[in-house]
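The values are calculated or read from the model by the stated rules, or taken from the named source; none is laboratory data. Just so we're clear, the structure is a prediction, and the values are computed from it rather than from any experiment. Reconstructed Cβ throughout: ideal geometry from the backbone, glycine too, with neighbour counts over all protein chains shown. These accessible areas exclude ligands, DNA and RNA; they are computed on the full protein's heavy atoms, side chains included. Shrake-Rupley method; radii C 1.70, N 1.55, O 1.52, S 1.80 Å.
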Amino acid sequence: MPDNPTILFVGGGSGGHIYPNIAVLETLEQRGVAVDGHFVVSERAVDRTVLEEAELEGTYLPALPMAMHPVKLWQFVKAYRHCTGLMRDVIEERLPRAVVATGGFVSGPSVSAAAQLDVPVALVSLDAVPGKSNRWSARRATKLFTAYPTPMLKGAELISVPLRQSVLAPDDPGAAAEARTMLGLDPGKQTLLIFGGSQGGGSINKVFIEIAKRNAARTLFRGTPGWQVLHLTGEQDRDEVADAYDKHNIPGVVESFCTQMGVAWSAASLCVCRSGAGSVAESWANAVPALYMPYPFHKDQHQRANAVPVVKCGGALLLTDHIEPGPNVDELLGPLRALMQNPSRLGAMRKAMRDNRRPDGAAAVADWVEEQLRG
C-alpha cells in the first residue's frame, strides 16, 4: 500500500481526457498535498504514451465505447461489466479517498464501481455537449464540474478546463522571440501555429499542402518581417507537409508533435486548430487568436459548441471543415488573410481573450479533492 492517500484519476481514450487529470494532480503537488495519484485509462496506444511520458502509474481498462449496432452493443455491455469488476478490485486494493473522472468510455464502469463502494466521485465534464458516459456518470457522482453551462448536468459547478502548467506560456513580453528561437524559428516573424490534435488533423494538413501550392496563398508569408509556420502534423503527414513547404518556400518548422506546448503557444501569433475542449482552453488561456476547424466526423458536432464562448467574446472565428482540400482552401483563405494582414485586429482579439478568460479549473477540482482528504 502507498504511504500517501490514493486518488484515482479516471479518463481515457484520448489525451484530452487524461491531461486535465494530470493538471489537477500537479496543482495538488504544487500545494504540497501529498497523494498517490493512480490513473485509470483505456488500452489505446495514446493513453499509454501519455502516461509513460509523464512517468505516471496507471491501470489500463479494456473498456469499449458504446455503439448501437446489436453486436457491438453486446460487446460494450460485456466489457462494461468486466471493467466494473476490475475497478472494484482496484478500489478494494488501493482504498482511494476519492475519484476524479473526466469522461471517456473508461469513466462509466469506474464511476459505477466507485458508487457501489461508496467512494466520493467528482465528474469533470469537459465538452459543451456532455457525452453518453458523462450523462450516465453524472447520476452517480458526488460532485459535478463542467467547463460549459449545460442543462444536461443540473447543479454542476462551472469551471474552465483544468490545464497543465506546461501548456501555459509565460507572461513576459520577450517570451515569444525566445520561444521561436527554441523551436528553430525566426524570432522576429509572426508565427502561425497549425495542429489537429490527437483525434485527427489529416484534413487540416491537406488544406495547408494545397495552400502551399497556390501563389495567392503563398503571398501571405512574404514581406518584412512577414509570417512563418509552426505546423504539428501528427505522424502520418509530416514528410508530405514539410516537402510542400520546402518546395514552395514557405518558412517555418514542421514537426510530428511538440512536447513543449507552452513554448509553442508562446511562439504563436495566430492558430488554426480543432476545437476540442483542450485546444479551445489552451488557446484561450494563452490568448492566441484562433481559427477553429471542428473535427467533422462527430455526429453531435460538439466541437462546434466548444468554440462558441471564445467566438462570442471576439477571440476566435469558427469555420467548417469540408474534409476535401479544395473547399477547405475556399473556407480558410479569406479569414486567414484578414487576420494575418491586420495586426490591430489580432491585438483586439488577444485582448478580448485575456479579458474574458476564466481561472484554471484545476484549482477548483483540487479544492474538492482536499475536502475529501480532510473528511
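A few points about this structure:
- The mean sequence separation of alpha-carbon pairs under 8 Å and at least six residues apart, normalised by the residue count of region 45-142, gives a relative contact order of 23 percent.
- Solvent-accessible area assigned to carbon and sulfur over region 176-258 amounts to 46 percent, based on a 1.4 Å probe.
- Helix 202-213 and the longest principal axis of the C-alpha atoms of the chain enclose an angle of approximately 10°.
- Taking all protein chains into account, the per residue accessible area for region 78-237 stands at 43 Å² (1.4 Å probe).
- With Cα atoms, 0 to 90° folded angle of helix 70-94 axis to the chain main axis: 70 degrees
- Restriction of the trypsin sites (Lys or Arg not before Pro) in region 26-85 to DSSP coil positions whose beta-carbon has at most 13 other beta-carbons within 10 angstrom yields Arg31.
- Helix 15-30 vs. the chain, principal-axis angle (Cα, 0 to 90°, nearest 10): 70 degrees
- Rounded to the nearest 20, the size of the Cβ-charge dipole of region 104-241 about its Cα centre is 460 debye, with Lys and Arg at +1 and Asp and Glu at -1.
- Anisotropy class of region 43-130 from Cα gyration tensor, a/c 1.5 cut: rounded
- A DSSP coil position with no more than 10 other Cβ atoms inside 10 Å describes the following GluC sites (Glu not before Pro) in region 227-312: Glu235.
- Overall, the accessible surface of region 1-139 at a probe of 1.4 angstrom is composed of carbon and sulfur to the extent of 52 percent.
- Accessible surface ranking for Met340, Met152, 1.4 angstrom probe, highest first: Met152, Met340.
- Pairs of Lys residues in the chain, spaced 8 or more positions apart or belonging to different chains, with C-alpha separations under 18 angstrom: 10 in total.
- For Val272, nonlocal amide neighbours, meaning residues 5 or more places apart or on other chains whose placed amide H falls under 5 Å from its own, are Leu193, Ile194, Phe195, Leu291.
- For the chain, size of Cβ-based charge dipole, Lys and Arg +1, Asp and Glu -1, in debye: 1340 debye
- A 1.4 Å probe run over region 251-331, with the rest of the protein chains in place, finds 34 Å² accessible per residue.
- Relative contact order (%) - the chain, alpha-carbon pairs under 8 angstrom, separation at least six: 15 percent
- When a 1.4 Å probe is rolled over the protein heavy atoms, the share of accessible surface on region 277-373 that falls to carbon and sulfur comes to 51 percent.
- Region 266-375, relative contact order [Cα under 8 Å, separation at least 6], %: 26 percent
- The dipole here belongs to region 118-192: it is taken about the Cα centre, uses +1 on the Cβ of Lys and Arg and -1 on the Cβ of Asp and Glu, and is about 560 debye.
- In the chain, a dipole from Cβ-located charges (positive for Lys and Arg, negative for Asp and Glu) runs towards its positive end, and of His69, Gln236, Cys83 it is His69 whose Cα lies farthest in that direction.
- Listed residues Met182, Met293, Met68, most fluctuating in the chain (Gaussian network, C-alpha, under 10 Å): Met68
- Choice from Gly314, Gly104, Gly174 with maximal GNM fluctuation in the chain (Cα, 10 Å cutoff): Gly174
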